[in-house]
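I have a structure here, written as structure tokens, and I will follow up with some questions on it.
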Amino acid sequence: MPSLYSENPTGFDSIKANFITNFTDIEEIISQSNMCIFYDACSFRYHSTLSNSIKKYFSNYISSKNGIIIITKCIIMELGGTNKKLHSNTINYFNFLIAQGLKIILLEEDNIFKLLESEYKPTRINEILKYAIRAFISKESSIKKTMDLTVELKDLLQDTQNSTNSLCTKFFTEVRKNKEEDDNLGEELIGICIYMLLHLTAEDNLKFTIFTDDKSAALRINEKLQSIPDHITTKKAVIISTPRLTQLLINETLLTSITDTELILSSCKIEQKYILGIKKNDLDKDEYKHTANEWAKLLLKPNEVRIIF
């Protein structure tokens, strides 16, 4: 059965040459960056609808953090959708970010094996992959379907598995083939990648970041990353929604206009969502619902609210 999605959607060839794909370059750039942002498809789509003058807030923030953008192959598939074609907004946003001087890595997820190879033996990397899959697999997921259909991968989850060959390529290649409409595979594979990257001892805490507006996926990723035992690593990842990113822009005085703040918040359909945060008179976090204009006014007042997601 042919895949619903394409790893090379129409329009991708026009921008692919501007992405960083050489592994040696990828390794060096990740090592030299202070913030590595995995962009989820939902946030990328939201941000791509904004004007270039508004998008510049995002690029300025990333540049100020010595940050880079990482787009996984599965996210490219999701951006292409089931019609297997990148929207013009998507192509324009990629071109804009590159024109602003930002480095964008196109990460084939199985390159995670190579990134860990400088520090771990293949058997240990396969073991890390095993625990990552165990953390993110769920009963009806594309990951579960892939593991059940592939004997070699089914064995990977067994404690007796001790292959000296990388199973990353097999896993990521097969699971992308089984991507289904409206699943969370893009976010789940980002979670698995970061789960594994947190094992790199040379990388800083809070370096690996996710831009996503999918609250359920974000909560699940956070829970699974927190499950890594402290004796393995105490490093954490950062998950940032568009409302949270807006507050970070304001806190760093990169964003001061109420009109622009409202435009950013409207892009993620904030009026339809309950936003997790803590208001100044609250003792604990709660969920709040306001219009984009009301949120803009709240965020531009110092210490009125702290957005969590």
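Quick check: the distance between the Cα centres of segment 1-68 and segment 192-240, to the nearest angstrom?
Measuring centre to centre over Cα atoms gives 19 Å.
What ³J(HN,Hα) values, in whole Hz, does the Karplus curve 6.51 cos²θ - 1.76 cosθ + 1.60 give for segment 4-10 when θ = phi - 60°, with x put for Gly and Pro?
Karplus values, whole Hz, x for Gly and Pro: 5, 10, 10, 6, 9, x, 4.
Can you check what the net charge comes to around residue 101, using other residues whose Cβ is under 15 Å from the Cβ of residue 101 (Lys, Arg +1; Asp, Glu -1)? Mind showing how you got there, number by number?
Details: positive: 55, 56, 65, 103; negative: none.
Result for the local shell: +4.
Based on the Cα atoms of segment 23-79, what semi-axes does the equivalent ellipsoid have, where each is the square root of 5 times one gyration tensor eigenvalue, given in whole Å with the largest first?
21, 17, 7
Could you work out how far helix 242-251 tilts from the main Cα principal axis of the chain, as a 0 to 90 degree angle to the nearest 10?
60 degrees
Given labels modelled 7 Å from the Cα in the Cβ direction, how far is it in nm from residue 283 to residue 154?
Using points 7 Å along Cα→Cβ, the separation is 5.3 nm.
How big is the C-alpha Rg of the chain next to the rule-of-thumb value 2.2 N^0.38 Å, as a ratio?
In units of the globular-protein estimate, the chain measures up at 1.00.
Find the all-direction average of the projected area of the Cα convex hull for segment 106-226, expressing the result in square nanometres with one decimal place. Walk me through the numbers before you get to the answer.
Numbers: hull surface 30.4 nm².
Orientation-averaged projected area of the Cα hull: 7.6 nm².
Relative to the longest principal Cα axis of the chain, at what angle does helix 23-32 sit, 0 to 90 degrees, rounded to 10?
50 degrees
Please give the calculated 222 nm ellipticity per residue for the chain, where each DSSP H segment of at least 4 residues contributes -39500 (n - 2.57) and the sum is spread over every residue; nearest 500 deg cm²/dmol? Please list the in-between numbers first.
On the way: 16 runs with 155 residues, N = 309.
After summing the helix terms and dividing by residue count, I get -14500 deg cm²/dmol.
Here's another thing I want to ask about it. Along the charge dipole of the chain, which of 60, 238, 107 sits closest to the positive end, that is, farthest toward it, with unit charges on the beta carbon of Lys, Arg, Asp and Glu (+1, +1, -1, -1)?
My answer, from the dipole projection, is 60.
Given Cα pairs under 8 Å that are at least 6 residues apart, what percent is the relative contact order of the chain? Don't jump to the answer; show the numbers that get you there.
Numbers: 452 pairs, mean separation 60.2, N = 309.
So the answer I get is 19 percent.
Using amide H atoms built 1.01 Å from N in the peptide plane, name the residues 5+ places from residue 85, or on other chains, whose amide H lies under 5 Å from its own.
Here the answer is 10, since their amide H atoms fall under 5 Å of that of residue 85.
So if I average 1/r over every pair of distinct C-alpha atoms in segment 231-290 and take the inverse, what Kirkwood radius in Å does that give? Numbers along the way, then the final one.
Values: mean 1/r = 0.0745 Å⁻¹.
By the Kirkwood definition, the hydrodynamic radius is 13.4 Å.
Nearest 5 is fine: what % of DSSP beta bridges in the chain come out antiparallel, could you say? Present the calculation step by step, with values, prior to reporting the outcome.
Working: 6 of 23 bridges.
Here the antiparallel bridges make up roughly 25 percent for the chain.
Taking the Cα centre as origin and putting +1 on Lys and Arg beta-carbons and -1 on Asp and Glu beta-carbons, what dipole magnitude results for the chain, to the nearest 20 debye? Could the numbers behind the result be given before it?
Numbers: 38 positive and 41 negative charges, 87 e Å.
Here the size comes out at about 420 debye.
Right, here's the next one. Please work out the ratio of the alpha-carbon Rg of segment 194-300 to 2.2 N^0.38 Å and round it to two decimals. Working shown, then result.
On the way: Rg = 15.9 Å, N = 107, 2.2 N^0.38 = 13.0 Å.
Cα Rg divided by the expected 2.2 N^0.38 Å: 1.23.
From the Cα trace of segment 216-265, what convex hull volume per residue do you get, rounded to a whole Å³?
Details: hull volume 3.5 nm³, N = 50.
Cα convex hull per residue, to the nearest whole number: 70 Å³.
Where a number appears in this text, it was derived from the coordinates with a stated rule and is not lab data. All values derive from a computational prediction rather than experimental measurement. Quick reminder, even Gly has a Cβ in these numbers, built from the backbone with ideal geometry, and neighbours come from all protein chains shown.
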